[in-house]
Amino acid sequence: MFRKIRIFLEMIKIEHTLFALPFAFMGAILGSMVVNNTFPSWMQIMWVLLAMVGARSAAFGLNRIIDQAIDAKNPRTAMRAIPAGLLKNGEVIVFIIISFILLFWASSNLNVLSMQLLPIAVFMLVLYSYTKRFTWLCHVVLGMTIGLAPLGGWVAVTGTMDWTAIVLYVTIVFWTAGFDIIYACQDLEFDQGEGLHSIPSRFGLVQSLQIAKFFHVITAIGFLALLLMTDLSWWYGAGMLITYGILLYEHYIVSPNDMSRVQTAFFTMNSVLSLVVFTFTLIDLAVK
């Protein structure tokens, strides 16, 4: 049983929770302070957490089912649970159904707007896994999907959506799309050979890294805009300086001539970035 649990956790890349979950909490806390002038309750945070667990588990399960034939051909992904025979399709489908039930249950315990927006979230979760088959904008679609974490957190505790929430959403969209382009550079030749669509397969390595940099410039502007649009102050500003340094370092360690540290740029740097942004936002709001 424990071995099976470990395989499922590996399938959904539980460590990648560090990308989206801090921003979901940031959206919830910042939204509650902006709209209600108070922190969200622990029950609201619990439902946000459960909704996130359900959403990302369903998303990863769907991706592994939909992409299993592609994963089996790619040397980088051939040992994933389904192509390696560690999990059966039926097991993963049951896992996906349970994950969606958890997402629906959590959303139903939040507010009306959360339930009204739920079909959009489900649609995006399903859509992403197909996009590499027809558009090189798949990275932006992934960003639009992961960006629902902070937007969903905001809506979950406020029942509303305003321009600050939209700016936070767009900021995370381009942050995600930028680092996903860097990650996709690993599969440039495979994607071209299989006729799959991505920015690296469409534009090549050099231009792709430039596009990733441009997307992260938009991210940096978005984080600054949040400072100007809210009551966030110097604690958040200090966190932004660290965040900008992380973004600069992420692009410094990858280049067309040296892609050996893609995993560091993709996982380590962005995990740290999300924790830094959340932590300094929380401190800023807590000390007011």
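The values are calculated or read from the model by the stated rules, or taken from the named source; none is laboratory data. Keep in mind it's a predicted model, so treat the numbers as computed, not measured. Cβ: placed from backbone, ideal geometry, glycine included. Neighbour counts: every protein chain shown. All accessible areas refer to the heavy atoms of the entire protein, side chains included, with ligands and DNA or RNA removed. Shrake-Rupley method; radii C 1.70, N 1.55, O 1.52, S 1.80 Å.
A single entry from 188, 196, 226, 248 fulfils the requirement of being surrounded by fewer than 16 Cβ atoms within 10 Å (Cβ to Cβ) and over 18 Å from residue 117 (Cβ atoms): 248.
When you scan the range 129-143, how many residues do you find that are at pLDDT 95 or above and either touching a Leu at 6+ places or on another chain (Cβ under 8 Å) or not in a loop (DSSP other than H, G, I, E, B) (or both)? I'd like the intermediate steps shown before the answer.
First, the residues of the range 129-143 that are at pLDDT 95 or above: 130-143.
Pick out the ones that are also either touching a Leu at 6+ places or on another chain (Cβ under 8 Å) or not in a loop (DSSP other than H, G, I, E, B) (or both) and you get 130-133, 138-143.
So the answer is 10.
Taking the condition touching a residue at least 60 places away in the same chain (Cβ under 8 Å), part of a helix (DSSP H, G or I), under 26 Å from residue 110 (Cα atoms) and open to solvent by 20 Å² or more (accessible area, probe 1.4 Å), does residue 167 pass? Considered against the rule, which asks whether it is touching a residue at least 60 places away in the same chain (Cβ under 8 Å), part of a helix (DSSP H, G or I), under 26 Å from residue 110 (Cα atoms) and open to solvent by 20 Å² or more (accessible area, probe 1.4 Å), residue 167 comes out as yes. Listed by position, the helices (runs of 4 or more DSSP H) enclosed by the range 180-288 that each have at least 2 residues that are more than 22 Å from residue 137 (Cβ to Cβ) are 199-229, 234-252, 269-286.
Please verify whether residue 28 is under 30 Å from residue 229 (Cα atoms), part of a helix (DSSP H, G or I) and modelled with pLDDT of 95 or more, treating the condition exactly as stated.
On the way: under 30 Å from residue 229 (Cα atoms): yes; part of a helix (DSSP H, G or I): yes; modelled with pLDDT of 95 or more: yes.
Yes; evaluated as a whole, the condition is true for this residue.
Does residue 75 count as in contact with a Ser or Thr (Cβ under 8 Å, 6 or more places away or on another chain) and in a loop (DSSP other than H, G, I, E, B)? Spelling it out, it is not the case that residue 75 is in contact with a Ser or Thr (Cβ under 8 Å, 6 or more places away or on another chain) and in a loop (DSSP other than H, G, I, E, B).
Scanning the range 43-91 for residues that are buried (at least 17 other Cβ atoms within 10 Å of the Cβ) and basic (Lys, Arg), we see that the one that is farthest from residue 25 (Cα to Cα) is 80.
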